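Right, one structure below, let's go through it.
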Amino acid sequence: MIPIVEDYLSDLIQSKFSYLKSNPSILPKVLGTSQERINRLVKYLEVTPINVIKGYPRTPAQLPCICIMLSGEEEAQEGLGNYGEDEDSDMREYTEELVVSSRREGKIVLPYVKTLNKPLVAMTQIIHNNYAVTLEDNEYSILNPDLGLVEFDGDIEDGDSLTVTYTYRASSLELTQVLYESNYRLECWALNGDFTVELYHLLKWALLTGRDHLGKDKDLFNQRLGGADFEPATSYFPEFVYRRALTFWCQFTASSPEETYTYIEAIESNQSEYSANFGGDDNG
C-alpha cells in the first residue's frame with residue numbers, strides 16, 4: 001500500500017482545529033502570549049473557518065488557509081532486493097468436524113487433531129461433540145501451525161469428536177517494499193501578519209499533539225518539524241497575503257503487490273514399482 005500522506009495531514013489538522021473551535025478555553029495552554037491576543041484569537045476562530053487545501057489557493061476568498069504541498073521525497077533504503085511479504089492478506093475462517101488421534105512421548109499419551117487447512121493462525125472455538133461443551137483456551141494449543149496440528153490438555157481421548165473453528169492463511173502476497181523520506185511544506189496563508197504567526201503556531205501544536213496518531217495509526221515514523229517565512233504572494237495584489245510554512249519531514253514504507261502464492265494444503269505420494277533389474281524385465 002502506498003500511503004497518501006497529504007490525506008493523513010489534512011484529516012489531522014482539520015480535526016485539531018475543530019477541537020480548538022469547540023474548546024477555546026485551552027488556547028492559553030497552547031500559545032504563550034498575552035490574554036488580550038488570546039481573546040482576539042478566540043473571537044476570530046469562532047466566526048472564521050480555516051480552510052485546509054492541497055496545493056495553492058486559487059483566490060483570496062479561500063484565505064485564511066493552510067496549504068499542504070510536497071517539497072520533495074526520495075527512496076531511502078539501500079541495497080538490492082527490497083521485497084517483503086504480507087501473510088495477513090488472505091485470512092480465512094473455517095469450521096470442520098474432526099476425530100481426535102493420539103501420539104506417544106514415552107509413557108505419555110498426547111491427543112491431537114490435524115486440520116484440513118493450514119497454516120493455522122488461531123483457534124476460534126472448539127466444541128466437544130460428545131459432551132456438548134466448549135473447551136477453554138488453556139485446554140488446547142497449536143502444536144505446529146504449518147502442519148495444522150492442535151494438541152490437547154485435559155479430558156480429551158482418542159476417538160472423541162470435536163467441532164473446530166479456526167483461522168488460517170489461504171495465501172501470501174509478495175510485495176515490493178521501499179522506504180521513503182518525504183518533506184512536506186504546510187503553508188499558513190492569511191491577510192493579517194499577526195494571525196499568520198498565530199496560525200503557524202496552532203498548526204505546530206496540531207502536528208505535535210498528533211505525532212503519536214500519525215506514528216502508531218498511520219506508520220509515519222521519525223517525524224521532524226521545522227519552519228520558515230516566505231515572501232508575500234504578490235499575485236494576489238491588491239491584497240497583501242502573508243505566508244509562513246511549517247515543514248514536516250517523515251519516513252514511511254510504500255509497498256506494491258507483485259504476486260500471490262497459495263499455501264500447500266496436502267502432499268500425495270504416488271509410488272511406482274520397478275523390476276529387480278530396473279532397466280527391463282527378466283527376458284529382455
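Cross-linked pairs LYS21/LYS218; LYS29/LYS54; LYS21/LYS54; LYS16/LYS216: Cα-Cα separations exceed 20 Å for LYS21/LYS218; LYS29/LYS54; LYS21/LYS54. For the range 88-173, the dipole from Cβ point charges (+1 on Lys and Arg, -1 on Asp and Glu) about the Cα centre works out to 340 debye, to the nearest 20. Quick check for you: which residues of the range 208-238 have the amide N under 12 Å from the point 7 Å beyond the Cα of VAL30 toward its beta carbon? Within reach of a label on VAL30: 208-210. Given R0 = 41 Å, the distance between the Cβ atoms of ARG40 and ALA122 translates into a calculated FRET efficiency of 0.10. Loop-resident GluC sites (Glu not before Pro) (DSSP state other than H, G, I, E or B) in the range 99-206 with no more than 13 further Cβ atoms inside 10 Å of their Cβ: GLU136, GLU157. Residues whose amide H lies under 5 Å from that of LEU120, counting only those 5 or more places away or on a different chain, are ASP146, GLY148; hydrogens are built 1.01 Å from N in the peptide plane. I need the trypsin sites (Lys or Arg not before Pro) found in the range 1-76, filtered to DSSP loop residues with at most 15 other beta carbons within 10 Å of theirs. Those satisfying the criteria are ARG58. Rounded to the nearest Å, what's the spacing between the alpha carbon centres of the range 153-221 and the range 37-78? Just the number, please. If you average the Cα positions of each part, the centres end up 23 Å apart.
Extension gain, VAL99 to ASP11, is 26.4 nm, computed as 0.36 nm per intervening residue step minus the present C-alpha separation.
Since every read-out is calculated from the coordinates, none of them should be taken as a lab result. Quick caveat: nothing in here was measured; it's all calculated off a predicted structure. For neighbour counting, all protein chains shown are included, and Cβ atoms are generated from backbone atoms with ideal geometry for every residue, glycine included.
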